[in-house]
1. Of the residues 94, 298, 351, which exhibits the maximal mean-square fluctuation in a Gaussian network model of the chain defined by a 10 Å Cα contact cut-off?
2. DSSP beta bridges in the chain, what fraction antiparallel, as a percent rounded to 5?
3. If you average over every viewing direction, what projected area does the convex hull of the Cα atoms of the chain give, in nm²?
4. If one computes the Cα centroid of the range 317-373 and of the range 13-73, what distance in Å separates the two points?
5. Using only the alpha-carbon atoms, how far is helix 304-315 inclined from the longest principal axis of the chain? Give it as 0 to 90 degrees, nearest 10.
6. With N denoting the number of residues in the range 1-112, provide Rg(C-alpha) divided by 2.2 N^0.38 Å, to two decimal places.
7. Could you work out which residue, out of 24, 228, 383, moves most in a Gaussian network model of the chain, that is, has the largest mean-square fluctuation with Cα springs under 10 Å?
8. Once you mark the GluC sites (Glu not before Pro) that are in a DSSP loop and have at most 11 other Cβ atoms within 10 Å, what is the longest gap between them in the chain?
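Throughout, read-outs are computed from the coordinates displayed, never taken from laboratory work. Keep in mind the model is a prediction, meaning the values are calculated, not measured. Cβ atoms come from the backbone with ideal geometry, glycine included; neighbour counts cover every protein chain shown.
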Amino acid sequence: MQGNFIYHNPTKLYFGEDAMNHLIDELKNYGPTVMLSYGGGSIKRNGIYDAVVAALKTAGKTVVEDAGVMPNPTYEKVQEGCQLVRENKVDLILAVGGGSTIDYAKGVSASAYCEEEPWEKYWVKQGNPTCQTVPVGSVLTMVGTGSEMNGGSVITNRKAGFKLGKVFGPALYPKFTILNPRFTMTVPQYQMVAGFFDIMSHLMEQYFAGKADCTTDYINEGLMRSLIHATRIAAKNPQDYEARANIMWTATWALNTLLKCGKGGDWEVHQIGHAIGLVTDATHGMTLASVSLPYYRLVMHDGLHQFVRFAQNVWGVRPEGKSDEQVASEGLACLENWMKEIGVVMNSSELGVTEENLQQVVDAVLILPVGYRTLTRDEVVYILRQSMSGPRAN
Ligand code: NZQ
Ligand code: ZN
């Protein structure tokens, strides 16, 4: 293990089919006014809204409705939420939904009483709150981002021309999260497999960095193997509870800061994905899927030892009689086959990247000086062009 780190994750998790039973007790820890934040209405169709409102009523709360958090939540929406919080003196923001709703809730929490311009302070300058913040709790309905147990808040600001992530400290993590795998059963197949790839991407972003022998990598490999196994089952049979439960648990551990202990991290795939998301509003996990193989094939030679390890320990590639390059390439071929098997989008043209908007995407990519190679702007163009001619869905 290298470096110094602090591991502190204060989010309390309630996992399983009965997890919702704990919501009423949790609500007792907060003041009388709860802002119920949710997305475009899926929770009304699948009954989760009714269950949450029943718990809020039993706990005697005044509910402030905050509907319409969109996928890839916008800064404008965050500002609307801030106004609701101030007007109603909200004591708890209860985010019911996927990563977008939970990310949004954290953004509102940090921004509602911020005396500076929040976009500049948090997302551009990566500052930390110095004002009062509002506690956030969450009920997760879509698996992938890990937002349920981390400080991430990814916000799209089209006026500024960026989709940027801010990782807040533990004070902004959800205080509690209800994780009931059954709640995710109504997620459409497209969103579901996008979430599956998002998890894999979080694992790979943290795995492909550093050279040291590190316990964290062994944990990561175990999570990848569980994910690959369970997603193969769930992609064919989304109602398989065991598989969906394992995937939900894996997603939470994939991005709750455990896997960055002793590791540097890469995160360039996410930067390119965010730029595609900004320009096309495409689903987050699919943006990552469309650029991952071109990116990893480009940087493979710079981090060859880790790509060899990935091939052997995650995919079971046998090394006998093969060069390191051959083993590493076989590992990436296995990744490609799994992506095709679960049915993610691997072609960014299908997500709306065109010759006309390509430059806008390129300009919006943040190039991070981490991972095995710091990209040049020309390499970003190369990766995007490769992704535009990637395999098309049948
Ligand atoms: O809005 P509703 O009607 O609820 O529909 C949502 C939405 O259309 C639907 N959905 C969610 N749960 C459902 C359901 N439909 C039926 N049944 C259910 N149970 O799914 C759609 C997508 O939801 P969304 O929350 O946007 O998906 P996801 O969880 O993938 O979140 C994506 C956002 O999170 C950010 C992404 O950039 C993107 O903005 N990320 C956040 C991270 C973090 N906090 O650490 C890290 C990630 O890398 C990521 O960047
Ligand atoms: Zn992600």
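1. 298
2. 20 percent
3. On the way: hull surface 74.1 nm².
For the chain, the mean projected area of the Cα convex hull comes to 18.5 nm².
4. Distance between centres, Cα-based: 38 Å.
5. 70 degrees
6. Scaled against compact globular proteins, the figure is 1.15.
7. 24
8. On the way: sites that count: 115, 320, 355, 356.
Result for the longest clean stretch: 116-319.
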